[in-house]
Amino acid sequence: MFYLFTRTAADRGPLLARLKAAGVHAVFHYVPLHSSPAGRRYGRTAGGLPVTEDRAERLARLPLYFNLDDDQARAIATQVRGFFRR
């Protein structure tokens with residue numbers, strides 16, 4: 001897995017939308033365990049975990065697989081850099 005954190009939680013959606021428009025399959029999938037259904041039911045967390053929640057809201061997972069070639073990796077990096085330079 002190759003991931004990055006956006007500056008703010010509000011940046012993640014627009015970044016993923018930009019990548020999708022460019023044909024890049026990037027996702028988020030991390031749900032903090034304490035806020036998952038089982039975590040809420042069985043967990044022992046007293047209150048929120050603000051750092052964990054912040055990281056989960058800013059995490060974006062970029063494509064990384066065995067046949068990702070250099071041109072594809074460059075195209076992904078170009079899109080990500082372009083987003084953060086706006």
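The values are calculated or read from the model by the stated rules, or taken from the named source; none is laboratory data. Bear in mind that the values here come from a model prediction, so they are computed numbers and not experimental data. Positions of Cβ are generated from backbone atoms using ideal geometry, with glycine treated the same way; all protein chains shown enter the neighbour counts. These area figures cover heavy atoms from the full protein model, side chains too; ligands, DNA and RNA do not enter into them. Shrake-Rupley method; radii C 1.70, N 1.55, O 1.52, S 1.80 Å.
Numbers below:
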read-out: Test: residue in region 32-55 that is closer than 20 Å to ALA9 by Cβ, out of contact with any helix residue (DSSP H, G or I) (no Cβ under 9 Å at 6 or more places or on another chain) and open to solvent by less than 50 Å² (accessible area, probe 1.4 Å); value: yes
read-out: Total residues in region 15-29, condition under 17 Å from MET1 (Cα atoms) and open to solvent by 100 Å² or more (accessible area, probe 1.4 Å); value: 2
read-out: Residues satisfying the stated conditions in region 2-22, i.e. touching a Phe, Trp or Tyr at 6+ places or on another chain (Cβ under 7 Å) and closer than 12 Å to GLU57 by Cβ; value: ARG12
read-out: Residue that is surrounded by the fewest Cβ atoms within 10 Å (Cβ to Cβ), among those in region 56-86 that are polar (S, T, N, Q) and under 21 Å from ALA10 (Cα atoms); value: THR78
